[in-house]
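For reference, the structure discussed in these notes is given below.
The values are calculated or read from the model by the stated rules, or taken from the named source; none is laboratory data. Because the structure is a prediction, the values reported are computed rather than measured. Note: ideal-geometry Cβ built from the backbone for every residue, glycine included; neighbour counts use all protein chains shown.
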Ligand SMILES: [Zn+2]
């Protein structure tokens, strides 16, 4: 493992927390989507649970990509234009791959 700066280490631990949280959410939703067929419909339909699970899946992918960028040394650099992603933006969105201009 590459020795990361302290800021990167902090972001890495935030991303790992987020990944664990999303992973639990994802498992719950998948279970809900499959087990609900045995029950009467609740407030969330199978389709809605599946859509939410898909959204979580793509957020998980973004978190994994951010963790890979920390390992490879590309974290904090916009994957589209190569400019530095503002610290405030990374603070708010640790998995951000794009700078504000490219994301906007
Ligand atoms: Zn950019």
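At-a-glance table
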| item | result |
| --- | --- |
| Residue tally, condition away from the ligand (no atom under 14 Å from the Cβ) and modelled with pLDDT of 95 or more, over region 76-87 | 0 |
| Scan of region 73-104 for residues that are in contact (Cβ under 8 Å) with a residue 12 or more places away in the chain, surrounded by fewer than 18 Cβ atoms within 10 Å (Cβ to Cβ) and in a helix (DSSP H, G or I), ordered by number | 87, 100, 101, 102 |
| Hey, residue 90 more than 9 Å from the ligand (Cβ to nearest atom) and under 12 Å from the mean Cα position of the chain (by Cα) or not | no |
| Number of positions in region 44-72 that are farther than 26 Å from residue 25 by Cβ and either within 16 Å of the ligand (Cβ to nearest atom) or surrounded by 15 or more Cβ atoms within 10 Å (Cβ to Cβ) (or both) | 0 |
| From the options 67, 90, 29, residue that is at pLDDT below 90 and in contact with a helix residue (DSSP H, G or I) (Cβ under 8 Å, 6 or more places away or on another chain) | 29 |
